[in-house]
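Everything on this sheet refers to the single structure shown next.
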Amino acid sequence: MQWRIEHGPHIGRWTAERLDTGYFAERSQAIGLIRDGGIVAGIIYENFNGKSLMAHIVIEGKINKTYLHAIYDSAFNVCGVDKAIVPVPSSNLKSKRLVENMGFSEEARIKDCCPTGDILLYTMKKTDCRFLGTRYGQKHTETARAA
């Protein structure tokens, strides 16, 4: 089994297609996890404002700790934001469970704004992110930066 992390418009398009939305490369960034030649996860970051960003994530297969570290390192350290925001339709129980398990908390609800109900805004502050520690790949990142 071979894993690799990639970024680029192809990851953004793959992720957006599964979310039934669009990807705009000139205004967004995308990071994906490739396993045995196929994309198994993708995340799109958009609407950077210096303080926060919006994230949209799709996971269709097994992911690893290095990918978790990479997506949070990119948001919080590379982009330098203090908060990540993830919109989730209230009817999407699988996505709600995913983001809650990742450590996001529901901060707001926008009533009746999607075909299936409400949009929930889940957020995570950098200080609350458990994926930036050594358990999730910081050692790998430090080794790569030193090379």
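The values are calculated or read from the model by the stated rules, or taken from the named source; none is laboratory data. In this text, all values refer to a predicted model and were calculated from it rather than measured experimentally. We place every Cβ from the backbone using ideal geometry, glycine too, and count neighbours over all the protein chains shown.
Assessment of region 89-100 against the conditions (on the phi > 0 side of the Ramachandran plot and either at pLDDT below 95 or among the acidic types (D, E) (or both)) yields no matching residue.
Taking the numbered list (1) surrounded by fewer than 16 Cβ atoms within 10 Å (Cβ to Cβ); (2) at pLDDT 95 or above in turn, A84 passes all entries but (1).
Quick one: which residue in Y72, Y23 is in a helix (DSSP H, G or I) and buried (at least 20 other Cβ atoms within 10 Å of the Cβ)? The conditions single out Y72. Candidates A41, A16, A30: the one that is free of Cβ contacts under 8 Å to residues at least 24 places away in the same chain and either in contact with a Gly (Cβ under 9 Å, 6 or more places away or on another chain) or part of a loop (DSSP other than H, G, I, E, B) (or both) is A30.
Within region 93-117, track down each residue that is part of a strand (DSSP E or B), surrounded by 10 or more Cβ atoms within 10 Å (Cβ to Cβ) and not small (G, A, S).
The first filter runs over region 93-117 and keeps only residues part of a strand (DSSP E or B), leaving 105-114, 117.
Filter once more, keeping what is surrounded by 10 or more Cβ atoms within 10 Å (Cβ to Cβ): 105-110, 113-114, 117.
Residues satisfying the conditions are E106, E107, R109, I110, C113, C114.
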